Amino acid sequence: MPVNPPDPNPSQGIFNVSINQTLHNPQIHITDFRGSLVKTLRPQFVEKGRPFQINLGGFPKGVYFLKLQDIGFAGVKIIIID
């Protein structure tokens, strides 16, 4: 999958994510284990291999899904807040 595993995982809420291709207008959706949207991010540019940070500090402990989408690209990873 083009989305590399978030680092660290599990974490206290701060995750570094990198992908294997450059995206120019991605959408990042974080959902809880029930599928409820808890956060949306819309960075204008994500460079191939360059980590970007997602801060979920203050969110309850648990399992979440990171869904990253762009034209011709989609990836999902599980993230855990410990």
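The values are calculated or read from the model by the stated rules, or taken from the named source; none is laboratory data. This is a predicted model, so every value here is computed, not measured. Reconstructed Cβ throughout: ideal geometry from the backbone, glycine too, with neighbour counts over all protein chains shown.
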Among the residues of the range 52-60, is any out of contact with any Lys or Arg (no Cβ under 8 Å at 6 or more places or on another chain) and at pLDDT below 90? yes
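How many of the residues in the range 10-28 are under 16 Å from Ile81 (Cα atoms) and within 10 Å of the chain's Cα centre (by Cα)?
Here is the first cut: in the range 10-28, the residues under 16 Å from Ile81 (Cα atoms) are 10-17.
Going one step further and asking which of them are within 10 Å of the chain's Cα centre (by Cα), we end up with 15-17.
Qualifying residue count for the region: 3.
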Counting just the residues of the range 36-51 that are of a type outside the set (A, V, I, L, M) and at pLDDT 95 or above, which one comes out nearest to Pro10 (Cα to Cα)? Lys39
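Residues that are surrounded by 13 or more Cβ atoms within 10 Å (Cβ to Cβ): which strands (runs of 3 or more DSSP E) entirely in the chain hold 3 or more of them? Reasoning before the result, please.
On the way: elements: 14-17, 27-32, 37-41, 52-55, 62-70, 73-81.
Per the criteria, 14-17, 27-32, 37-41, 62-70, 73-81.
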Which residue pairs have Cβ atoms closer than 6 Å, lie 6 or more positions apart in sequence or on different chains, and pair a first residue in the range 1-27 that is within 23 Å of Gly62 (Cα to Cα) with a second residue that is part of a loop (DSSP other than H, G, I, E, B) and among the acidic types (Asp, Glu)? Pro10/Asp82
